[in-house]
Protein chains: 2
Amino acid sequence: MERFEINILGCGSALPTTKHSLSSQVVNLRDKLFMIDCGEAAQLQFRAMKLSFSRLDHIFISHLHGDHCFGLFGLISTLGMLGRTADLDIYAQPDAEKVFRPMLNYFCSELSYRVVFHAFDPKKNTLIFEDRTLKVSTIPLRHRVPTAGFLFEEKPKSPHIVREMLDFYQIPFSQINAVKEGADFVTPDGQIVPNARLTRPAEAPKRYAYCSDTIYYEKIIPIIENVDVLYHEATFCETRSERTKQTMHSTARQAAEIARAANVKQLILGHFSARITDENLLLKEACEVFPNTILAKEGLTVTVE
Amino acid sequence: MERFEINILGCGSALPTTKHSLSSQVVNLRDKLFMIDCGEAAQLQFRAMKLSFSRLDHIFISHLHGDHCFGLFGLISTLGMLGRTADLDIYAQPDAEKVFRPMLNYFCSELSYRVVFHAFDPKKNTLIFEDRTLKVSTIPLRHRVPTAGFLFEEKPKSPHIVREMLDFYQIPFSQINAVKEGADFVTPDGQIVPNARLTRPAEAPKRYAYCSDTIYYEKIIPIIENVDVLYHEATFCETRSERTKQTMHSTARQAAEIARAANVKQLILGHFSARITDENLLLKEACEVFPNTILAKEGLTVTVE
């Protein structure tokens with residue numbers, strides 16, 4: 001099984017507490033790290049979780065509220081002090097470069113690497129990043145400012161070669177890749193061995209959706225349908241539904257309703273209001289609608305499986 | 001004894017570690033809080049030390065390196081969310097407003113209070129703040145960018161009235177303030193009681209000097225002479241004197257030499273390089289020159305006495 005993990009660096013809402021830090025998490029896909037949001041002190045949590053700065057090349061910012069991006073300056077400085085040379089790619093809405101670049105020019109003018117901003121339109125569901133194994137696309141959300149969530153999808157994997165068949169037919173090393181990609185094997189005496197005898201199907205590609213911050217927003221359902229793990233904000237309980245509407249956040253119950261309607265496998269609740277003293281109330285509220293729910297917490301690593 | 005404390009929020013150098021946070025401290029003078037420097041996550045440490053946000057009105061920034069000021073944005077946002085209405089006064093070199101204001105305009109456009117920048121010339125030793133009980137002046141330092149330390153000085157206090165004398169002469173309430181301010185007391189039958197019989201002298205005003213970041217710089221000695229507590233950066237040990245010069249920092253020994261030459265009462269070392277694994281080496285190096293030295297650490301409160 002190839003590694004696909006979500007590391008929670010911070011899951012508080014705008015007002016940090018002694019219990020919760022500001023929004024940030026790191027998706028670890030086969031030891032490449034992808035940061036989602038970068039609230040203040042994200043770099044400290046990153047280090048505390050013993051993640052490797054040199055494996056981080058891409059940062060996705062959901063929206064330009066300070067609790068989701070004020071940690072960028074410190075992180076960018078630190079990467080410079082660590083002698084980084086590779087580009088750092090930041091995906092955010094178009095304003096980001098305009099507001100961050102002057103600060104970087106002033107404070108980080110001697111960086112040993114480039115910070116490259118990639119603007120996306122948070123109103124559209126579009127592919128914003130892909131490499132050999134991963135696609136990342138935006139999930140339009142509704143909040144007080146333009147906001148997008150992110151869908152991380154593994155690309156389809158090659159089937160597994162059945163070791164015993166490899167030995168039995170003495171398939172030469174040079175042909176293994178072809179077999180992995182679906183070719184039949186022809187033995188030296190002309191016998192055709194169909195690919196299906198030589199391989200077993202790869203695991204289904206795994207998918208992770210990050211949705212924060214947002215009101216209850218049914219339009220995301222078709223985009224996140226059937227994902228393995230959904231992180232959905234749950235800033236408040238249903239008892240504070242007025243405040244939820246006013247601040248354009250979601251309740252735990254609403255997060256669970258989205259999870260159920262989208263038929264996801266697991267739900268992680270996060271972005272907890274500083275006023276919540278007992279998060280088990282959020283968990284209880286969500287589990288009544290969608291039982292396979294857990295609470296995010298700082299330092300937690302969730303395996304997508 | 002009136003409270004005069006230094007709370008260490010962070011005492012690492014530019015690269016934070018799991019052990020040390022970024023530069024920030026809070027001077028508590030009679031329950032008014034004055035922040036010096038505001039590195040990333042200062043607000044989190046502030047909360048962890050159970051300091052009261054509503055008692056913080058003044059922030060002094062030594063220089064515009066990120067590790068001394070990137071925490072401002074988060075702190076300013078948080079104060080807004082807490083419903084602050086009083087002005088927040090920030091004392092820094094002239095560039096500060098130019099670089100911070102656009103960020104505040106973007107991220108904190110709906111603040112319930114004003115952020116007022118007060119520019120000072122870091123090359124001059126000048127009074128930049130005073131109120132009824134305190135004076136704060138700049139200490140010109142030498143670093144890679146314009147930098148100033150800060151001298152916190154209590155104003156002279158009124159003498160104490162000797163309770164027994166108050167009773168013995170039945171001094172009326174209305175005259176107590178006059179006596180406190182040095183007046184003699186005249187009894188109803190015309191006897192003059194000299195002030196010295198009625199009072200005992202106040203404690204000497206206490207003084208605290210913060211010097212970070214700086215090279216070994218003897219010109220500060222007359223400014224900080226005889227202070228009760230000196231916080232002086234000690235980024236490296238003498239074994240790394242080349243690196244110390246190159247980055248324009250000080251060694252622990254140099255900090256101690258300044259402390260000894262200035263005849264201070266106590267020295268606190270801080271701003272430790274991330275490369276230092278055993279800070280006791282810094283302490284040992286300093287103590288050889290100036291024995292009354294301690295190491296800063298996060299969460300430490302030092303009483304100025």
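Observations on the model:
- Surrounding net charge for A:Thr303, when Lys and Arg each add one and Asp and Glu each subtract one, Cβ distance under 10 Å: -1
- For the peptides B:227-240, B:120-133, B:290-303, residues were scored by their other Cβ atoms within 10 Å and the scores averaged per peptide; the highest-first order is B:227-240, B:290-303, B:120-133.
- Residues whose amide H lies under 5 Å from that of A:Ser23, counting only those 5 or more places away or on a different chain, are A:Gly12, A:Gly39; hydrogens are built 1.01 Å from N in the peptide plane.
- Intensity falloff of region A:160-200 expressed as log10 I(q)/I(0), Debye formula with alpha-carbon point scatterers, at q = 0.34 Å⁻¹: -1.50
- Relative contact order for chain B, counting Cα pairs under 8 Å that sit 6 or more residues apart, in percent: 17 percent
- Derived scalar couplings ³J(HN,Hα) [region B:61-69; Karplus, 6.51 cos²θ - 1.76 cosθ + 1.60; whole Hz; x for Gly, Pro]: 10, 5, 6, 9, 9, x, 5, 10, 8
- Given charges at beta-carbon only (K, R positive; D, E negative), |dipole| of the protein assembly as shown in Debye: 200 debye
- Region B:1-104 - Debye-derived log10 I(q)/I(0), Cα point model, q = 0.13, 0.15, 0.20 Å⁻¹: -0.43, -0.58, -1.03
- Put simply, when A:189-197, B:215-223, B:21-29 are sorted by average Cβ atoms within 10 angstrom per residue, most first, you get B:21-29, B:215-223, A:189-197.
- Per-selection Kirkwood Rh - region B:71-174 (Cα, Å, 1 d.p.): 17.1 Å
- Shielding of B:66-74 by partner chains, average beta-carbon count, 10 Å: 6
- Our coupling estimate for region B:199-205, obtained by passing each phi through the Karplus curve with A = 6.51, B = -1.76, C = 1.60 and θ = phi - 60°, is 10, 10, x, 5, 4, 4, x Hz, Gly and Pro reported as x.
- Other protein chain Cβ atoms within 10 Å, averaged over every residue that makes up A:101-107: 4
- Derived scalar couplings between HN and Hα for region B:111-123 equal 4, 8, 8, 9, 9, 10, 8, 10, 7, 10, 8, x, 7 Hz in order, rounded to whole Hz, by the Karplus curve 6.51 cos²θ - 1.76 cosθ + 1.60 (θ = phi - 60°), x for Gly and Pro.
- Given charges at Cβ of Lys, Arg, Asp, Glu: chain A dipole, positive-most of A:Thr303, A:Val26, A:Gly270: A:Gly270
- Computed over region A:153-291, Kirkwood Rh from alpha-carbon pairs, angstrom: 18.0 Å
- Part-to-part distance (alpha-carbon centres) for region B:10-54 and region A:92-136, which is given in Å: 30 Å
- Per the Kirkwood formula applied to alpha carbons, region A:219-277 shows a radius of gyration over Rh ratio, Rg over Rh, of 0.99.
- Quotient of the Cα radius of gyration of region B:95-144 and 2.2 N^0.38 Å, N being its number of residues: 1.48.
- Kirkwood Rh in Å, taken over all unlike Cα pairs in the protein assembly as shown: 27.4 Å
- Calculated [θ] (222 nm, deg cm²/dmol) that DSSP helices of n ≥ 4 give over chain A, each run adding -39,500 (n - 2.57): -6500 deg cm²/dmol
- For B:His160, the amide hydrogen comes within under 5 Å of the amide hydrogens of B:Arg200, B:Ala202, counting only partners 5 or more places away or on other chains and with H modelled in the peptide plane.
- Surrounding net charge for A:Pro291, when Lys and Arg each add one and Asp and Glu each subtract one, Cβ distance under 15 Å: +1
- Inter-chain Cβ neighbour count for A:21-29, averaged per residue, equals 1 (cutoff 10 Å, partner chain atoms only).
- Too-long pairs where the Cα-Cα distance tops 20 Å, listed order kept, from B:Lys50/B:Lys265; B:Lys32/B:Lys135; B:Lys19/B:Lys265; B:Lys124/B:Lys206: B:Lys50/B:Lys265; B:Lys19/B:Lys265; B:Lys124/B:Lys206
- A Förster radius of 45 Å, combined with the Cβ-Cβ distance separating B:Asn263 from A:Ala119, puts the computed FRET efficiency at roughly 0.15.
- Note on B:Lys155: aspartates and glutamates with a C-alpha under 13 Å away, same-chain residues under 8 apart excluded, are B:Glu2, B:Glu130, B:Asp131, B:Glu203.
- The angle separating the long axis of helix A:72-81 from the principal Cα axis of greatest extent in chain A is about 60 degrees.
- Cα-based equivalent ellipsoid, chain A: semi-axes from gyration tensor eigenvalues, Å: 38, 26, 16
- Total formal charge among the other residues, if their Cβ is under 11 angstrom from that of A:Glu203, Lys/Arg +1 and Asp/Glu -1: -1
Any read-out appearing in this document is the output of simple, stated calculations on the displayed coordinates, not a laboratory observation. What you see is a predicted model; the values in this text were computed from it and never measured. Cβ sites come from the backbone with ideal geometry, for glycine too, and all protein chains shown count toward neighbours.
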